[in-house]
Every structure is written in C-alpha cells, then in structure tokens.
Amino acid sequence: MKTRTLHSLALKLEPWLIGSLLLYFLAVNTYPLIVTIMKPGSYAILGILIAWRWKRFAYVASKDIPLLLFAGMSVASVFWTASPAFTSIEFKAALRGTMLGIYLATRYDMKQQMQLWRWVLGIGAVLSMVLPLVLSDYGRNRDDLWIGIYNFKNGAAANQTLTALLFLNTALNGKRYRWLAWMLFSLAIVLLWLTEGKTAYLVFAISLCLFPLYKFAKQKDKLRVVLMLIMFVLVGSGLVIFVSNMEFIVVDTLGREMTFSGRIPIWKLMLDQLYERPWLGYGCVGFWTSDYGLYVINNSWAGGENVGIGEGSIRFNAHNGYMDMLLQYGFVGLSLYMFNIVSVLMRLVNLLNSPAIIESFWMLQSLISLLLLNFTDNLGTLGSSSLWTFYVSIAFSTAVEQMRLRRSRLAAELTTT
C-alpha cells in the first residue's frame with residue numbers, strides 16, 4: 001500500500017519538477033539562493049527520474065545516434081579543450097540539458113509535451129508581465145527594455161516568440177479553452193513587442209509563413225517538401241542575418257554609426273583562430289575562456305571593463321550560435337549537428353500525415369524559429385538551456401513516433417495478408 005501511494009505521489013510531482021527545471025533553465029533571473037539550490041538540485045532530480053525509468057530512457061536514447069555523438073563531444077572535449085578548467089565544469093551542464101531532453105521524449109508523447117510547454121511558457125509569460133509591475137527594480141535591462149523574468153533581451157524575445165507560436169497553434173486547433181489560448185498568445189505578442197527584439201519580430205513573421213505547409217504536406221513527394229523547407233530556412237536565414245547586422249550590438253552599446261563593420265571584423269578574427277583547430281575546435285566553452293578568445297576580444301570592439309573570463313566578468317560570445325558551435329566543436333561537430341537537423345526536419349515532414357499533425361507542425365514551426373534565432377545568439381545550441389533541451393526532445397520524440405508508426409503499419413499489413 002505504501003509503495004502504491006509513493007508511486008502515485010511521484011507521478012503527481014514529476015510534471016511539476018520537470019516544469020520547474022524547464023522554466024529555470026530558460027535563463028530566469030532569480031534570487032542567488034535559488035540558483036545555489038538549483039545547480040546541484042537539478043542533477044539530483046534528473047538522476048532520480050532517469051533511474052526510475054532507466055530501461056525506457058536507454059531505449060529512447062538509442063534512437064538518434066548522430067545527436068548522441070554530437071552531445072557526447074561536449075564530454076569528450078575535455079581531452080582537447082583549450083580551457084580545461086572551464087570545460088571540466090561546464091560540460092556537465094550540456095550533458096544535463098541533453099539528458100533532460102531525452103527524458104522528456106521518454107516520459108511524454110508529443111501531445112503531452114505540448115501540454116507541458118503550455119504550462120511552462122504560459123507561466124513564464126504571466127510572470128514576465130506581472131512581476132515587473134509589482135517589483136520596480138525587476139524585469140528591465142540596462143537599456144530599460146522589458147525582459148520580464150528572463151536575464152537577457154535576446155533570450156526574452158526568443159522565449160516570447162516560441163510562446164506566441166505555441167498558443168497560436170493551440171488557439172487555432174484546440175477544442176477547449178481557446179479563449180485562454182488567444183489571451184496568452186496576445187500577452188506573448190505584447191511582451192515580444194516590449195523587448196524590442198527586431199530579429200525576433202522577423203523570425204515570428206517568417207514562422208507564420210509556414211502555415212500553408214499543411215497543404216504541401218499531403219504531397220507524396222516528401223523530399224520535395226524537405227527541399228522547400230531547406231530553401232525556406234536559407235532565405236529566412238539571409239533575412240535574419242541582414243536585419244541583425246543592421247542593429248547589431250555595436251549600435252546598442254557603443255552608439256556607433258550603423259554599418260556592417262562591427263561583427264564582420266570580429267568574425268574574421270574568430271575564423272583566423274579556427275584555422276588553428278578546424279576539426280574538433282577548442283572544446284566545450286573552450287574558446288572564449290582561453291587566450292585565443294581573449295586575443296579576439298582585445299583586438300576588437302568587444303573589449304570592455306566587464307568582458308573577460310574572470311569572476312564577475314561577462315563572457316563574450318560570437319552573437320551567432322553556429323559560429324560559436326564551430327569554434328567549440330569544429331567542422332566535425334557542426335557537420336553532425338547539421339546532419340541531425342536535416343534528419344529531424346524529414347521526420348517532422350513525414351509526421352505531418354500522422355495523427356500527431358498538430359504537434360508535429362508546432363514542433364516544425366518552433367524548430368525553424370530556433371534555427372533562425374541562432375543566427376543572432378546562442379539560442380538552442382548545445383548547452384544547459386531549455387531551448388537546447390527542447391530541440392533534443394523534438395529529435396528523440398520524432399524518432400520514437402516514426403518508429404511506432406512504422407510498426408503499426410507493418411502490423412496492419414500483416415493482419416490483412
């Protein structure tokens with residue numbers, strides 16, 4: 001009787017624990033005490049949950065080997081990193097983000113994951129509106145922009161973009177509480193507007209153009225649909241790069257004239273350093289925490305009083321997730337990641353003809369948004385962020401769902417013969 005009661009209690013607590021982890025790792029600005037508790041606590045919670053369902057977890061983890069290999073590079077990079085002290089600590093966070101994504105795919109189907117993210121992002125949106133109104137010194141960045149409960153402008157804009165897409169899909173396809181979905185969609189749009197994240201505005205607009213994909217998804221030529229998606233992403237990427245360079249960080253922080261001379265020189269310096277380690281890169285967080293990264297910082301506009309690798313300093317990044325990925329894991333890592341992205345896109349297109357069409361389209365739309373947002377910041381790349389966890393859960397969930405559908409079709413064919 002006690003065992004049954006404990007099992008029932010664990011089942012009730014589990015979604016709250018998972019939801020809390022997902023919300024926290026969206027880079028929430030919270031009290032130092034909570035940060036101190038969550039860092040070790042998150043490993044303990046995740047370890048217990050995985051041990052509880054380790055057989056199913058191992059099964060799901062085996063369904064996307066390329067992604068496992070890529071994530072494993074963060075661990076293996078301790079052997080070649082340019083910054084052993086930082087890599088030996090931070091690869092654990094990247095591993096945790098990956099394992100949390102696999103656990104989501106293990107524990108919840110695509111429909112349940114969509115419901116879980118409604119709670120996480122919905123609560124995040126409400127708190128982002130309410131808390132800055134209640135707490136006068138909370139929810140705005142140094143430029144007095146509304147970022148809500150999140151630490152950074154780009155992260156806040158990205159989170160509100162995904163929130164808006166989630167509740168728009170819910171409002172258009174849901175059968176219950178559609179009024180609530182429309183309210184939360186409207187709230188997310190207001191919060192997105194308040195962040196003044198112009199790149200996120202563009203990404204949201206581009207994502208809306210995907211809705212006609214329902215029509216093309218019914219075509220038998222899936223390769224054609226995937227190629228159309230790739231072209232869509234490439235065109236969208238070009239637009240995002242153009243817009244992001246028009247308002248890049250130099251304009252915001254240093255007040256220089258609007259030119260393309262800010263990021264391009266720093267990217268050139270980064271590529272010069274990449275030639276030193278082209279295949280495997282500098283390791284997990286190994287570039288900007290090493291002398292190689294400091295050379296780029298000190299020889300560009302990136303240098304400043306608070307920029308560096310010491311305690312209390314701001315760690316610089318390339319303001320391009322793919323460039324940072326290339327520096328950390330080289331061409332081998334970037335190739336694995338790109339191969340996996342194409343594989344996941346193909347699986348999502350195939351699933352658009354399945355009973356999970358609503359969830360598949362939402363995941364496809366969100367994934368493309370993440371891919372575009374990555375051109376302006378490290379959003380959804382290998383790390384501790386819940387956006388990376390979201391990508392991992394999409395990859396493994398689609399692999400499991402596709403295999404399940406194949407088995408169902410095979411069983412149906414056997415029964416009819």
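If the requirement is being farther than 27 Å from SER20 by Cα, of a type outside the set (Lys, Arg) and part of a helix (DSSP H, G or I), which of these qualifies: VAL400, VAL342?
VAL342
Does PHE79 meet the test of being under 30 Å from GLU276 (Cβ atoms) and surrounded by fewer than 14 Cβ atoms within 10 Å (Cβ to Cβ)?
Yes; evaluated as a whole, the condition is true for this residue.
Between a first residue in segment 65-92 that is without any contact (Cβ under 8 Å) to a residue 24 or more places away in the chain and a second residue that is assigned to a loop (DSSP other than H, G, I, E, B), which pairs have beta carbons less than 6 Å apart while being 6 or more apart in sequence or on different chains?
Short answer, once both residue conditions are applied: none.
Given the criteria in contact (Cβ under 8 Å) with a residue 40 or more places away in the chain and surrounded by fewer than 19 Cβ atoms within 10 Å (Cβ to Cβ), does LYS175 qualify?
For LYS175, the condition - in contact (Cβ under 8 Å) with a residue 40 or more places away in the chain and surrounded by fewer than 19 Cβ atoms within 10 Å (Cβ to Cβ) - is not met.
Please identify the pairs in which a residue from segment 103-126 that is in a helix (DSSP H, G or I) has its Cβ atom under 7 Å from the Cβ atom of a residue that is surrounded by fewer than 23 Cβ atoms within 10 Å (Cβ to Cβ) and of a type in the set (Lys, Arg), counting only partners at least 6 apart or on another chain.
Taking only residues 6 or more apart or on different chains, the pairs are THR106/ARG53; THR106/ARG56; ARG107/ARG53.
Return only the number of the condition from (1) modelled with pLDDT of 95 or more; (2) surrounded by 21 or more Cβ atoms within 10 Å (Cβ to Cβ) that GLY383 does not satisfy.
Going through the list (1) modelled with pLDDT of 95 or more; (2) surrounded by 21 or more Cβ atoms within 10 Å (Cβ to Cβ), GLY383 breaks only (1).
Only one of LYS63, LYS12 is exposed (fewer than 14 other Cβ atoms within 10 Å of the Cβ) and among the basic types (Lys, Arg). Can you tell me which?
When all the criteria are applied, what remains is LYS12.
Do we have SER354 as out of contact with any strand residue (DSSP E or B) (no Cβ under 9 Å at 6 or more places or on another chain), touching a residue at least 12 places away in the same chain (Cβ under 8 Å) and part of a helix (DSSP H, G or I) here?
In short, no.
State whether the residues of segment 162-174 include one that is aliphatic (A, V, I, L, M), farther than 25 Å from ASN29 by Cα, in a helix (DSSP H, G or I) and within 22 Å of the chain's Cα centre (by Cα).
Scanning segment 162-174 turns up at least one residue that is aliphatic (A, V, I, L, M), farther than 25 Å from ASN29 by Cα, in a helix (DSSP H, G or I) and within 22 Å of the chain's Cα centre (by Cα).
Name every residue in segment 366-386 that is closer than 21 Å to LEU234 by Cα and part of a helix (DSSP H, G or I), in order of residue number.
Passing the criteria: SER366, LEU367, ILE368, SER369, LEU370, LEU371, LEU372, LEU373.
Just for segment 199-243: of the residues that are outside any helix (DSSP H, G or I) and farther than 19 Å from ALA356 by Cα, which one is modelled with the lowest pLDDT?
Checking each candidate, the answer is ASP221.
Taking the options GLU247, GLU196, name whichever one is surrounded by fewer than 18 Cβ atoms within 10 Å (Cβ to Cβ), more than 29 Å from LEU336 (Cα to Cα), at pLDDT below 65 and not hydroxyl-bearing (Ser, Thr, Tyr).
Sole residue among the options that is surrounded by fewer than 18 Cβ atoms within 10 Å (Cβ to Cβ), more than 29 Å from LEU336 (Cα to Cα), at pLDDT below 65 and not hydroxyl-bearing (Ser, Thr, Tyr): GLU247.
Exactly one of these conditions fails for TYR275: (1) surrounded by fewer than 21 Cβ atoms within 10 Å (Cβ to Cβ); (2) at pLDDT 85 or above; (3) within 25 Å of the chain's Cα centre (by Cα). Give me its number.
(3)
The values are calculated or read from the model by the stated rules, or taken from the named source; none is laboratory data. The structure presented is a predicted model; accordingly, all values stated were derived computationally and were not measured. Ideal geometry is used to build each Cβ from the backbone, glycine not excepted, and the neighbour counts take in all protein chains shown.
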